[in-house]
1. Counting each pair of different Cα atoms once, what's the Kirkwood radius of the chain in Å, rounded to one decimal?
2. Pick from Gln109, Gln125, Gln54 the residue whose mean-square fluctuation is largest in a GNM of the chain, springs joining Cα atoms under 10 Å.
3. If DNA, RNA and ligands are ignored and the probe is 1.4 Å, what is the ranking of Arg61, Arg225 by accessible area, most exposed first?
4. Using the Karplus equation 6.51 cos²θ - 1.76 cosθ + 1.60 (θ = phi - 60°), what ³J(HN,Hα) coupling, rounded to whole Hz, does each residue of the stretch 42-50 give in order, writing x for Gly and Pro?
5. Hey, what number do you get for the chain at 222 nm if only DSSP H runs of n ≥ 4 count, each worth -39500 (n - 2.57), divided across all residues, to the nearest 500?
6. Can you sort Glu140, Glu36 by 1.4 Å-probe accessible area, starting with the largest?
7. Between Met214 and His41, what length in nm is gained on full extension when 0.36 nm per residue of separation is reduced by their alpha carbon distance?
8. In a GNM of the chain with a 10 Å cut-off on Cα contacts, which of Ala77, Ala106, Ala89 has the highest mean-square fluctuation?
Amino acid sequence: MSTATSHTPDSRVNADPQELAKFSELAHRWWDAESEFRPLHQINPLRLDWIDAQAAIAGKRVVDVGCGGGILAESMAKRGANVLGIDLADKPLKVAQLHAMEGCVANLQYRSVAAEALAAEQPGQFDVVTCMEMLEHVPEPASVIQACADMVKPGGWVFFSTLNRNVKSYLFAIVGAEYVLKLLPRGTHEYARFIQPAELTQWARNANLGPVAMKGLEYHPLTQRYWLSGDTSVNYMVACRKA
Ligand code: SAH
């Protein structure tokens with residue numbers, strides 16, 4: 001594990017300071033599986049298996065963009081990948097580092113660096129890029145997608161997940177999750193930033209990434225369980241390969 005350098009995003013960075021502050025405020029509860037981060041804990045085994053089934057991550061160099069407290073990054077390192085987690089919110093990164101240190105997780109590093117900056121620094125250096133539940137918090141998601149494409153080797157894998165934008169996703173992800181079930185704090189998500197699959201795949205193609213698979217992450221409010229399905233109307237993941 002390395003130490004993250006403190007990094008204050010400036011106006012040239014593709015980041016929304018309010019979004020970063022929101023995640024920093026909650027960071028101390030990141031690894032509490034009953035906290036606001038419960039949904040991330042619940043979906044993690046599903047997305048990890050889906051990513052691993054396609055990209056066979058053991059021994060691979062992986063960058064997790066917008067890694068937050070490290071739920072996915074750490075689980076990929078435990079599967080044998082050599083993982084770098086990057087984020088621009090300092091507190092979640094500190095929590096991620098501490099958690100990895102306490103668990104003596106090998107092959108895992110964290111850095112405070114923007115996706116675009118890392119892409120310029122290490123172009124084509126990663127076998128796999130993951131960017132999960134992050135694009136809907138960023139002012140210019142297409143720029144992050146381009147950066148992910150630039151970081152991955154030709155033939156490498158890039159995985160995205162985000163929230164679809166339609167009436168159902170508004171009702172489930174905002175009204176249901178933030179107001180009725182109170183799974184997430186109010187204001188966690190902004191509807192206008194949700195991304196339709198056709199938008200995401202177009203941005204990916206523009207960046208020379210070929211979308212090869214898509215899965216929905218469905219949630220049942222009564223059983224409080226998630227599962228993978230073909231229904232991409234709310235939360236969904238896209239797997240892409242670089243040409
Ligand atoms: N990817 C993790 C965390 C998702 S929460 C997971 O799925 O488990 C969203 C994360 O995106 C937060 O940690 C937040 O700090 C980060 N984020 C938001 N805007 C960002 C930006 N512009 N650059 C890097 N990270 C960003």
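1. The answer is 17.7 Å.
2. Of the options given, Gln54 has the highest mean-square fluctuation.
3. Arg225, Arg61
4. 5, 7, 4, x, 5, 6, 4, 5, 5
5. That comes out to -9500 deg cm²/dmol.
6. Glu140, Glu36
7. So the extension gain works out to 60.2 nm.
8. Result for the chain, Cα springs under 10 Å: Ala106 fluctuates most.
The values are calculated or read from the model by the stated rules, or taken from the named source; none is laboratory data. None of the values given here were measured: they were computed from a predicted structure. Cβ atoms come from the backbone with ideal geometry, glycine included; neighbour counts cover every protein chain shown. Each accessible area value is taken on the protein alone, full model and side chains, heavy atoms only, with ligands, DNA and RNA left out. Shrake-Rupley method; radii C 1.70, N 1.55, O 1.52, S 1.80 Å.
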